[in-house]
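Q: Input: one structure, supplied below.
The values are calculated or read from the model by the stated rules, or taken from the named source; none is laboratory data. Since we're looking at a predicted model, the values are computed, not measured. When we count neighbours, we look across all protein chains shown, and the Cβ atoms used for this are built from the backbone with ideal geometry, even at glycine.
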Amino acid sequence: MTAEAPDRPVVRAPSAGARAGRFVDGCLDVAVAGFGLWTLLCWGVLAGLPLMPVLGLWALGTAGIAAWRVRRPWLRDADAPGGPALPDPGGARTWVALAAALAAAALASVVSRPDADDASFVARSTWVADHGALPAGDFVFGEPGWPATFGSVPNVSSIEALFGALARATGLPTGDVVYRYFVPLAAFAAVWALWVLLRAWHARRPLASLALALAFLLLGGYAHATFGNMHLARIWQGKAVLLAVLVPYLHACVALLWRRRATGRADLARTAAVLAATGLAAVGCSSTGVFLAPLIAGSAALALLVARRWLEAVVLVVATSAGPAVAGVMTVLSPVGARNEGGRATGWLWVRVLGDEPAIWALVAAAGLLVLAGLVRPRWCAALDRPAQIGLSLTLLAGFACTVPPAYPVLTALMGGDAIAFRLAWVLPVPAVVGLVASLPARRLGLPVLPAVALALAAVLAAGQPLWSAANGAAVGRPGAWKVRDQADLAVARWIVDQEPRGRYLAPGQVALATGVLTSELRPVGSRMDYVLSLGQVPGSQVEQRALLQGVADGDTALRVPENAELVRSALDDLDVTVACVLSPDPFTAEAFAGWAPGVAVAPWACWSR
């Protein structure tokens with residue numbers, strides 16, 4: 001009589017949806033690690049390495065990272081030691097999440113909410129594309145030998161350099177690389193990073209939570225610095241990529257650490273490498289990452305310390321903070337530092353990011369309290385397992401402590417002023433926390449989750465405003481349109497470029513911004529007024545004449561008075577202005593440019609050339 005073979009567990013092949021989800025998870029991992037590598041290499045360019053060969057080296061390194069990631073996920077969930085890195089929510093849910101990410105990419109591609117910061121960020125990329133190197137000084141006004149007039153020196157962020165290098169390598173216009181191609185990719189990654197985070201937290205209903213989080217973001221046009229406006233509405237800027245992609249991704253990485261102990265030195269080293277790359281990527285997106293990444297790591301390490309996992313807590317903080325620490329040292333040792341002190345006082349940061357909408361305040365506070373309630377009553381927590389409940393609650397407590405006294409004033413002072421202090425709120429993944437309301441446990445007839453979700457949606461709908469609304473300073477255009485205030489701005493900027501002015505050109509701020517995206521070879525009288533005023537310490541900058549002309553171009557009626565006519569004509573001569581465009585032309589500007597040849601006239605602009 002032969003013995004029967006023991007029963008073996010049946011291993012089912014993953015569904016097509018699960019395979020697609022794992023593939024996109026891997027793409028996100030490679031993108032983050034690859035950008036971390038680029039940041040490190042870009043710092044080498046600051047030290048003297050040539051930019052374009054470094055771009056080729058980065059491409060090879062990213063291919064190696066992709067090959068490493070194909071072999072196995074870097075960080076795994078405790079419940080799946082031999083399987084996927086994250087819980088599989090089911091093929092159908094994955095397809096819906098993919099559709100949501102694609103829809104966000106399409107929306108971001110057609111919504112234009114221009115931002116004056118592009119006068120420095122995208123203009124830097126254009127300079128890199130035109131010259132094949134990083135600027136060593138001024139790149140906005142085009143004056144040889146001028147020092148950089150704003151921002152940290154050296155510039156530790158690397159995303160603008162990557163855009164410029166890719167534009168030069170491909171021959172594409174910088175505006176196309178940034179606005180047409182990167183925007184949909186980044187918007188997709190932002191939604192997928194939220195999906196990854198909700199799965200890493202083991203949310204009961206990750207898809208419902210994703211939908212609620214997206215509603216909170218898409219209707220976030222009620223104030224300038226909301227999470228929505230600093231998310232999809234400005235996704236091409238490095239600081240928006242930091243908030244929308246890197247913050248949830250880093251929180252997801254540490255959530256996997258809560259659930260699974262390192263199994264050896266190799267596993268711990270691999271974890272450290274992933275965290276170090278993420279910290280580098282955060283700094284590469286924005287200098288805000290110098291503070292944000294270590295604060296997130298420190299907040300998340302609290303759960304590991306409570307569990308007496310000392311070594312893993314140290315690895316988490318040290319590895320994540322390594323890149324930001326190096327960037328911080330470079331900034332502190334530079335002659336000018338971060339130069340964030342120019343901003344006006346903004347008060348408590350939550351007023352800046354949540355606006356003055358009581359319903360939004362109530363929603364965010366209630367969502368945070370519901371998460372914290374999981375510490376006391378685990379059965380009512382939105383996360384399914386105890387490690388995620390404890391880790392999430394402690395992280396929120398520690399993160400919130402960074403945004404209130406006594407920590408908030410100290411951190412604000414360390415950041416060099418409160419111009420960007422409101423970004424300390426980004427320590428908390430607020431959209432994902434709001435989304436967890438939809439993952440509350442259900443009782444009879446779906447209570448209490450159904451009323452909670454209904455109240456959350458009511459708050460968002462009552463106080464929210466679509467990101468694409470005109471009241472939010474946005475407009476809907478054709479897919480891939482450049483993020484300018486109006487296409488007339490871009491048309492006038494193209495006219496200025498076509499004139500090939502030998503001297504300087506004068507244009508309103510929005511037109512000068514668009515011109516700086518088209519080319520770095522022309523010299524403007526001014527750009528943003530705060531940039532013009534920053535020239536005060538530069539010898540021979542003629543800042544008073546620049547400010548006068550820029551104010552006239554921007555439509556300042558207080559400057560368009562008869563007694564300024566001769567001053568304007570003299571300033572035009574002294575600054576060698578050969579092409580000029582102004583906003584809302586009037587008899588004063590007609591007199592100031594008398595004798596000039598009329599150029600393009602597209603409402604509300606009028607242009608002349610000598």
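Q: Which one of A129, A116, A101, A97 is touching a residue at least 24 places away in the same chain (Cβ under 8 Å), within 18 Å of the chain's Cα centre (by Cα) and crowded, with 20+ Cβ neighbours inside 10 Å? Talk me through it step by step, then tell me what you get.
A: Details: A129 fails: within 18 Å of the chain's Cα centre (by Cα); A116 fails: crowded, with 20+ Cβ neighbours inside 10 Å; A97 fails: within 18 Å of the chain's Cα centre (by Cα).
So the residue among A129, A116, A101, A97 that is touching a residue at least 24 places away in the same chain (Cβ under 8 Å), within 18 Å of the chain's Cα centre (by Cα) and crowded, with 20+ Cβ neighbours inside 10 Å is A101.
Q: Within segment 196-222, work out how many residues are among the small types (G, A, S) and either within 15 Å of P114 (Cα to Cα) or buried (at least 24 other Cβ atoms within 10 Å of the Cβ) (or both). Outline the logic, then answer.
A: Filtering segment 196-222 down to residues among the small types (G, A, S) leaves 200, 203, 208-209, 211, 213, 215, 220-221.
Subset that is either within 15 Å of P114 (Cα to Cα) or buried (at least 24 other Cβ atoms within 10 Å of the Cβ) (or both): 200, 203, 209, 213, 220-221.
Total satisfying the criteria: 6.
Q: Now for a separate question. When only residues in segment 156-177 that are within 26 Å of T331 (Cβ to Cβ) and free of Cβ contacts under 8 Å to residues at least 60 places away in the same chain count, which is surrounded by the fewest Cβ atoms within 10 Å (Cβ to Cβ)? Even if it seems obvious, please write down each step before you answer.
A: So the first thing to find is which residues in segment 156-177 are within 26 Å of T331 (Cβ to Cβ), and the list is 156-166, 174.
Pick out the ones that are also free of Cβ contacts under 8 Å to residues at least 60 places away in the same chain and you get 163-164.
Details: F163: 25, G164: 30.
So the residue we want is F163.
Q: Moving on. So, restricting to helices (runs of 4 or more DSSP H) that lie completely within segment 349-405, which ones have at least 1 residues that are under 19 Å from S209 (Cα atoms)? Give the derivation first.
A: Values: elements: 349-354, 358-376, 386-401.
Result: 358-376, 386-401.
Q: Which residue is modelled with the highest pLDDT, if the candidates are limited to segment 409-438 and must be over 18 Å from A293 (Cα atoms) and surrounded by fewer than 21 Cβ atoms within 10 Å (Cβ to Cβ)?
A: P409
Q: I need every pair where a residue in segment 286-308 that is under 16 Å from Y249 (Cα atoms) and assigned by TED's automatic domain parsing to the domain that holds A272 has its Cβ under 6 Å from the Cβ of a residue that is outside any helix (DSSP H, G or I) and of a type in the set (G, A, S), sequence separation at least 6 or different chains.
A: The qualifying pairs are S286/S157.
Q: If you don't mind, another one. So, of the residues in segment 306-351 that are at pLDDT 95 or above and among the hydroxyl-bearing types (S, T, Y), which turns out to be surrounded by the most Cβ atoms within 10 Å (Cβ to Cβ)?
A: Ranking the qualifying residues of segment 306-351, first place goes to T320.
Q: Here's another thing I want to ask about it. Filtering segment 560-610 down to residues that are free of Cβ contacts under 8 Å to residues at least 40 places away in the same chain and hydroxyl-bearing (S, T, Y), which residue is surrounded by the fewest Cβ atoms within 10 Å (Cβ to Cβ)?
A: Among those that are free of Cβ contacts under 8 Å to residues at least 40 places away in the same chain and hydroxyl-bearing (S, T, Y), it is S570.
Q: Quick one: how many residues across segment 149-201 are assigned to a helix (DSSP H, G or I) and either of a type outside the set (D, E) or in contact with a Cys (Cβ under 6 Å, 6 or more places away or on another chain) (or both)?
A: Restricting attention to segment 149-201, the residues satisfying the condition of being assigned to a helix (DSSP H, G or I) are 159-170, 174-200.
Filter once more, so that each one left must be either of a type outside the set (D, E) or in contact with a Cys (Cβ under 6 Å, 6 or more places away or on another chain) (or both): 159, 161-170, 174-175, 177-200.
Residues meeting the conditions: 37.
Q: Being touching a residue at least 40 places away in the same chain (Cβ under 8 Å) and out of contact with any Gly (no Cβ under 9 Å at 6 or more places or on another chain) is the filter here; which residues of segment 461-483 pass it?
A: First, pick out the residues of segment 461-483 that are touching a residue at least 40 places away in the same chain (Cβ under 8 Å): 461-469, 471-483.
Of everything in segment 461-483, those that are touching a residue at least 40 places away in the same chain (Cβ under 8 Å) and out of contact with any Gly (no Cβ under 9 Å at 6 or more places or on another chain) turn out to be L461, A462, A475, V476, G477, R478, P479, G480, A481.
Q: Within segment 226-264, restricting attention to residues that are outside any helix (DSSP H, G or I) and more than 12 Å from the chain's Cα centre (by Cα), which residue is surrounded by the most Cβ atoms within 10 Å (Cβ to Cβ)? Break it down into steps so the answer makes sense when it comes.
A: Let us first name the residues in segment 226-264 that are outside any helix (DSSP H, G or I), namely 226-231, 235-237, 260-264.
Going one step further and asking which of them are more than 12 Å from the chain's Cα centre (by Cα), we end up with 226, 260-264.
On the way: T226: 26, R260: 19, R261: 14, A262: 17, T263: 10, G264: 8.
Looking at the filtered set, the residue picked out is T226.
Q: Would it be correct to say that R377 is closer than 30 Å to D530 by Cα, out of contact with any helix residue (DSSP H, G or I) (no Cβ under 6 Å at 6 or more places or on another chain) and modelled with pLDDT under 90? Reasoning before the result, please.
A: Working: closer than 30 Å to D530 by Cα: no; out of contact with any helix residue (DSSP H, G or I) (no Cβ under 6 Å at 6 or more places or on another chain): yes; modelled with pLDDT under 90: yes.
No.
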